[in-house]
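**Q** My structure is below; once you've seen it, I'll send some questions.
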Amino acid sequence: MHIPDGFLDARTAIATYALSAGALGYSIKKTKGELSDRQIPTMGVLAAFIFAAQMVNFPIFGGTSGHLLGAALATILLGPWCSALIISTVLIIQCLFFQDGGLTALGGNIFNMAIVGTLVALGIYQLITRLAPGGKGEVIGVFTAAWASVVASAFFATMELALSGTFPFKIALGAMLVWHVLIGIGEGLITSVAVSFVRKMGFGGVHQQGKAGSEVL
Amino acid sequence: MKKPVLIFLLVALVVAAFLSPFASPDPDGLDRVARDLGAEEKSEGKEAIQSPVPDYKFPGIESEAVATSLAGVLGTVITFGVAYGLGKFVSSRKKTAV
């Protein structure tokens, strides 16, 4: 879902850069008081894993592929502020070193994936785990949060591309949603496996079931 | 660094080194839509910067698989370092006197 250079007009690029900068500044402020020493290596390794996993595109159908976004994974395990920072780190490295995502579109990409992805994952996860506390709610919550985060990111990306005159909104929205509804299933599955794996391994400082940053909202 | 973290880092490196060359070459959702709408040309030649390892292929290496693998390992290690460093930087700020 990385938007390349040339797809966003100046106004949209600047607006999303401003929004992202603000959100990231706020995330840094919020993590300041909260990040424990045990969580630092976890933050590093989650970011590393998400970078690696984003390289492994999986085919969906019709000649299109998808890849992990990872915002739900980071949010559920380390909370929304860390997640925003982690996903942004991945996106910045991808942009600067690997030409994945344009520099002028970085504000948009961070907004869509690191901010929207994180917030939607958080909201859905908390809603479901509160409505259905316990193991079942956790399973449904993780999967749905991950799925929704992808769909929501795609929606915002489409809006920016339409506002920039790059895509016609209605046609693009239909197409983007179809693909990302499917890609979201992959996200849901990978995230579920990864969350289980990390929890079983007993990682330093990851949030337990149903608690992704609940203390900060 | 604790064992679970090291194991997860190893998993990440294995994914980057050995799974990435087998990634689907198909375009992702956004690229696909851009192609179908004929919008691709809007991004052609518009790169704002020149990246050292464009498109995840380490330059100067003949085998595409190896080039991708190396790019993956490099990126994974850099990302780990930067995220870890960011974590350190952020957590050190809380020690400022109130």
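**Q** Just to be sure I understand: with springs between alpha-carbon atoms less than 10 Å apart, which residue in A:Gly66, A:Gly33, A:Gly174 has the highest mean-square fluctuation in the Gaussian network model of chain A?
**A** Greatest mean-square fluctuation among the candidates belongs to A:Gly33.
**Q** Would you grab the residues whose amide H sits under 5 Å from the one on B:Ile61? Only those 5+ places off in sequence or on another chain, please, with H modelled 1.01 Å from N.
**A** Close amide H contacts, sequence-distant or interchain: none at all.
**Q** Rounded to a whole number of µm²/s, how large is the Stokes-Einstein D of region A:122-217 at 4 °C and 1.567 mPa s, given Rh as the Kirkwood radius over C-alpha pairs?
**A** 88 µm²/s
**Q** Which whole-Hz couplings ³J(HN,Hα) result when phi for each residue of region A:193-198 is put into the Karplus expression 6.51 cos²θ - 1.76 cosθ + 1.60, θ = phi - 60°, listed in order with x for Gly and Pro?
**A** Karplus values, whole Hz, x for Gly and Pro: 5, 5, 4, 4, 4, 5.
**Q** Now for a different question. How big is the charge dipole of region B:1-95 about its Cα centre, in debye rounded to the nearest 20, if each Lys and Arg gets +1 on its Cβ and each Asp and Glu gets -1 on its Cβ?
**A** Value, rounded to 20: 1120 debye.
**Q** With r defined as the distance between the Cβ atoms of A:Leu189 and B:Gln50 and R0 fixed at 45 Å, what FRET efficiency is calculated, to the nearest 0.05?
**A** It comes to 0.80.
**Q** Using a Förster distance of 22 angstrom, determine the FRET efficiency expected from the C-beta separation of B:Val66 and B:Leu6, and round it to 0.05.
**A** The pair B:Val66/B:Leu6 has a calculated efficiency of 0.30.
**Q** For region A:125-142, what does the Karplus curve 6.51 cos²θ - 1.76 cosθ + 1.60, with θ = phi - 60°, yield as ³J(HN,Hα) per residue in whole Hz, taken in order and with x for Gly and Pro?
**A** Each residue's phi maps through the Karplus curve to give 4, 5, 4, 5, 6, 7, 5, 10, x, x, x, 5, x, 4, 4, 5, x, 4 Hz.
**Q** Between B:Ser92 and A:Ala132, how many nm apart are label points set 7 Å from Cα along the C-beta direction?
**A** The two pseudo-label positions are separated by 4.5 nm.
**Q** Among A:Thr89, A:Leu106, A:Ile185, pick out the residue whose Cα is farthest towards the positive end of the charge dipole of chain A, where Lys and Arg carry +1 and Asp and Glu carry -1 on C-beta, about the Cα centre.
**A** The Cα lying farthest towards the positive end belongs to A:Ile185.
**Q** Here's something else I'd like to know. Amide H of A:Gly66 versus every other amide H placed in the peptide plane: which residues, excluding those fewer than 5 positions away on the same chain, fall under 5 Å?
**A** So A:Gly66 has HN proximity to A:Phe58, A:Ile60.
**Q** Have a look at B:Ser43, B:Tyr56, B:Val15 and report the one farthest towards the positive end of the charge dipole of chain B, computed about the Cα centre with Cβ charges (Lys/Arg +1, Asp/Glu -1).
**A** B:Val15
**Q** Report the one residue of A:Ile40, A:Ala146, A:Ala10 whose Cα lies farthest in the direction of the positive end of the charge dipole of the protein assembly as shown (charges on C-beta: Lys and Arg +1, Asp and Glu -1; origin at the Cα centre).
**A** A:Ile40
**Q** Take the Cα atoms of the protein assembly as shown, find their three principal axes, and give me the spread along each one in whole Å, biggest first.
**A** For the protein assembly as shown, the Cα spread along each principal axis is 50, 44, 41 Å.
**Q** Treating only the Cβ atoms of Lys and Arg (+1) and Asp and Glu (-1) as charged, compute the dipole magnitude of chain A about its Cα centre; round to the nearest 20 debye.
**A** Result for chain A is approximately 480 debye, rounded to the nearest 20.
**Q** What are the ³J(HN,Hα) couplings of region B:67-73, residue after residue, when phi is run through the Karplus curve with 6.51, -1.76, 1.60 and θ = phi - 60°? Round to Hz, x for glycine and proline.
**A** Result, rounded to whole Hz: 4, 5, 4, 5, 4, x, 5.
Bear in mind that the values in this text are calculations on the coordinates, not laboratory data. Quick caveat: nothing in here was measured; it's all calculated off a predicted structure. Positions of Cβ are generated from backbone atoms using ideal geometry, with glycine treated the same way; all protein chains shown enter the neighbour counts.
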